[in-house]
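What follows is one structure encoded as structure tokens, with my remarks underneath.
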Amino acid sequence: MKYTSARERAGALLLVTLLLLAWEGACRALRVSALVLPPPSAIARSLWQGLASGYFWPHLRATAIELLLGVLAGCAIGFATGIALAEHPLLRRLAMPYVVASQVIPKLALMPLFVLWFGFGMTSTVVITALICFFPLMENTLTALQQVAPERLELFRMLGATRTQTLWRLKLPSGLPAILAGLRVAVVLALVGAVVGEFIGASRGLGALVIASQGTMDTSLMFAVLVLIAGLGMLAYQATLLLERWLLLPFTRTH
């Protein structure tokens, strides 16, 4: 198994290397303007210079903090809302149309309002990030709690379990894989929200840096920032996978 995993990683690394070499060769052979599409070597140089000089670090730190705060706030509210809607059918019928309406409105259209209400800076970006990652966790939590096997619910009723005991000892453990899947989706979308929020309402962050590089027509810098955004997203996703393994570990041991 370890040998197969190592071969898969080596294959993925080889594929990326071949793609980068083809990109570099095409840019040089076709003499593509660096303003339109810079070669990987120019992007790597811009990335290294920005990291070595410390230019990128304040922006990377700002986006990482916004991502963390947005995920914590949005997922906490989404998880609590999902439980409330699953446990109270009347509340679900009353509130669900408004929850869906809040999600179908493009978040970019809401950003000017958030800037007006919360001002420029981190708060507006955290709010839009939380709003974006709220729905996936809420929807997955709601669905997971509603799909518990009826015979298991009947068993808990026969044993005299209270509603709270049924929730914490049956519904949540049974629905944990689906809930964590919603968390993975929420984390990926949260980074999109943070960067989009920085496009309009921030002077610091990777999104603001993309806009700044566009203004100076520095395409290599723009691609370098996109690499940083992708790297931050991969780190956040991997952290979610580690959390998922840790939370599911007791259930894998029992089976």
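The values are calculated or read from the model by the stated rules, or taken from the named source; none is laboratory data. From a predicted model like this one, the values you see are computed outputs, not experimental measurements. Don't worry about glycine lacking a Cβ; one is built from the backbone with ideal geometry, like all the others, and counts go over all protein chains shown.
Points to keep in mind about this one:
- For the stretch 1-43, residues that are small (Gly, Ala, Ser) and in contact (Cβ under 8 Å) with a residue 40 or more places away in the chain total 2.
- Index of the failed condition, residue 180 passing every other in (1) surrounded by 23 or more Cβ atoms within 10 Å (Cβ to Cβ); (2) touching a residue at least 60 places away in the same chain (Cβ under 8 Å); (3) within 25 Å of residue 95 (Cβ to Cβ): (1)
- Those helices (runs of 4 or more DSSP H) of the stretch 152-255 in which 2 or more residues are more than 24 Å from residue 111 (Cα to Cα) occupy 163-166, 172-201, 219-254.
- Look at the stretch 64-86: where a residue is closer than 14 Å to residue 192 by Cα and a partner is among the acidic types (Asp, Glu) and in a helix (DSSP H, G or I), sitting 6+ places away or on another chain with Cβ atoms under 9 Å, you get 66/198.
- Matching residues in the stretch 77-98 - criterion: being out of contact with any Pro (no Cβ under 9 Å at 6 or more places or on another chain) and among the small types (Gly, Ala, Ser): 80, 82, 84, 86, 95
- Within the stretch 211-227, tally of residues that are under 15 Å from residue 198 (Cα atoms), surrounded by 19 or more Cβ atoms within 10 Å (Cβ to Cβ) and modelled with pLDDT of 90 or more: 2
- In the set (1) surrounded by fewer than 16 Cβ atoms within 10 Å (Cβ to Cβ); (2) outside any helix (DSSP H, G or I), residue 25 fails one condition alone, (2).
- The set of residues from the stretch 103-125 being of a type outside the set (A, V, I, L, M) and either assigned to a helix (DSSP H, G or I) or outside the structural domain of residue 208 (by TED's automatic domain parsing) (or both) comprises 103, 107, 112, 114, 117, 118, 123, 124, 125.
- Filter result (polar (S, T, N, Q) and crowded, with 23+ Cβ neighbours inside 10 Å) within the stretch 102-136: 124, 125, 129
- Yes/no for residue 48 being free of Cβ contacts under 8 Å to residues at least 24 places away in the same chain, aromatic (Phe, Trp, Tyr) and closer than 17 Å to residue 220 by Cβ: yes
- Filter result for residue 47 (in a loop (DSSP other than H, G, I, E, B) and touching a helix residue (DSSP H, G or I) at 6+ places or on another chain (Cβ under 7 Å)): no
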